[in-house]
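Structure, as structure tokens:
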Amino acid sequence: MLDAAVLNSALHVQGWMGKDGLEWLAERAAGKSLVVEVGVWRGRTTTVLSAVAKRVLAVDTWGGAPGIEATSVIVDRIGADGLFSEYCLRFAEKIRDGVVTPIRIDSSKAAQIMDVYMRGEKADMLFIDGDHDRLYADLEVFSPMVKDGGLLCGHDYSRKFPAVMRDVEKHVPGFRNGPNAIWWKVV
């Protein structure tokens, strides 16, 4: 069970994952050696993942999500550099302790450098919640980084996001649904 203080802290970070989804992620990430999170925005899910996993690699551009006005307004106001700085300040202690590693890169270029950050390990869990129009590309890049028996999961499997539904249905055969529009599969 997720610590109530951690859950409360996560829910105070701007994001779209609800309580049930955060608890689901925490339950699955608990005790994992390496979790890769693609698309972290301001760190709502990172808050939970980093509370229960040994190491979280957080991949994002901190440039917002195309087509999601709430992110565009904030990026226009604070800027990607400001969002990245805010994220690093929020997780400063965990970054210092090696629990969270923010990787500021477009996911299409991440495959070229992820080996360095993964230190020869494969991920126990991959959580994708990045650009909805790039889900297939993210799956191609990051799925091979998940160990056999690891968890591949993501967010926004919903009619509101037909591109996510299309890509999950096409490229993740046998996936299952979780709470808060989470999709998942053990690989």
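Readers should treat all values here as calculations from the given coordinates under stated rules, not as data from a laboratory. Fair warning: this is a prediction, and the values are worked out from it, not measured in the lab. FYI the Cβ positions are ideal-geometry reconstructions off the backbone, even for glycines, and counts take in every protein chain you see.
Report the Stokes-Einstein translational diffusion coefficient (µm² s⁻¹, integer) for segment 1-97, Rh taken as the Kirkwood radius over Cα pairs, at 4 °C with viscosity 1.567 mPa s.
Answer from the Stokes-Einstein relation: 94 µm²/s.
Return a single number: how many Lys pairs in segment 4-186, at a sequence separation of 8 or more or on separate chains, have alpha-carbon atoms below 15 angstrom apart.
Eligible lysine pairs with Cα atoms under 15 Å apart amount to 8.
May I ask for the longest run of the chain untouched by trypsin sites (Lys or Arg not before Pro) that are loop-located per DSSP and have at most 10 neighbouring C-beta atoms (other than their own) within 10 Å?
Counting only loop sites that pass the neighbour cut-off, the longest clear stretch is 1-118.
Return one quarter of the surface area of the convex hull spanned by the alpha-carbon atoms of segment 79-140, equal to its mean projected area, in nm².
5.1
So what's the gap between the Cα centers of segment 108-145 and segment 1-39, to the nearest angstrom?
Centre-to-centre distance over Cα atoms comes out at 19 Å.
Go ahead and estimate [θ] at 222 nm for the chain from helices alone: -39,500 (n - 2.57) per DSSP H run with n ≥ 4, summed, over the residue count, rounded to 500.
Rounded to the nearest 500, it is -12500 deg cm²/dmol.
So I have (i) 9.6; (ii) 12.0; (iii) 11.3, and one of them is mean projected area of the Cα convex hull in nm² calculated from this model. Which one is it?
The listed entry that was calculated here is (i).
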